Amino acid sequence: MKRLTTALLATAVTAGALAFALPATANAATQATTAVTAGSSGYDYDEYWGPYRSSNHRAKATGWIGVEWDRHQRSNEVHVKGKLYDLDHRTYRQGGKCGYVKFQVNHFGDDGWSGGKAYKYCGAGGAKQFHFAEEDVRSVRVKVCQIGLHGSYPTRCGGWEYLYTAESE
């Protein structure tokens, strides 16, 4: 993409049409990216999410969510994929903690949120991949925190971020 952009810019400068070529090139690139991510996955709804971070920016999560509805539009299956990053380079003696990401799911017919999935990764500078699927989902939200190496209670959490709501489709 960088090579293509450089070639397009060089051609535009040579032709003396730089002012007109850049907006058209940017628009075409945006349209091409949207077409690849939104329609070619086979899902009825799909979107990249994040990055979302802990309140102190020492943990981060990014990913993708895809929703596939049955042919009667009464039931769905939601897939969430992503990476959890541990960005805390302090030692555990210095107070360093692990990255932690928690998901909550609201199913059709439920009034509240279920516990969902949670992932922990300890390895400063590295990342852990995750994937889960749920059926009959109304909404999904995510929160990124830190957690001690042997801890069971997350700290330094960012806010809840909504990844998907069926009503918004």
In nm, the gap between the two label points placed 7 Å beyond Cα toward Cβ at Asp136 and His57 is 4.3 nm
Quick one: Karplus J couplings for region 101-107, per residue in order, coefficients 6.51, -1.76, 1.60, θ = phi - 60°, nearest Hz, x for Gly and Pro? 10, 10, 10, 10, 10, 10, 8
Please work out how much length the chain gains when fully extended from Tyr48 to Trp113, using 0.36 nm per residue of separation minus the C-alpha to C-alpha distance, in nm with one decimal. 21.2 nm
Rounded to the nearest 10 Å², the 1.4 Å probe accessible area of His79 is 30 Å²
Restricting to lysines and to Cα separations under 26 Å from Lys97, and discarding same-chain partners fewer than 8 apart, the set is Lys60, Lys81, Lys83, Lys117, Lys120, Lys128, Lys143
Apportionment of accessible area to carbon and sulfur, region 39-110, percent (1.4 Å): 43 percent
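The values are calculated or read from the model by the stated rules, or taken from the named source; none is laboratory data. Bear in mind that the values here come from a model prediction, so they are computed numbers and not experimental data. Neighbour counts are summed over all protein chains in view; Cβ atoms, including those assigned to glycine, are modelled from backbone coordinates with ideal geometry. Just the protein is used for accessible areas: all its heavy atoms, side chains included, with ligands, DNA and RNA removed. Shrake-Rupley method; radii C 1.70, N 1.55, O 1.52, S 1.80 Å.
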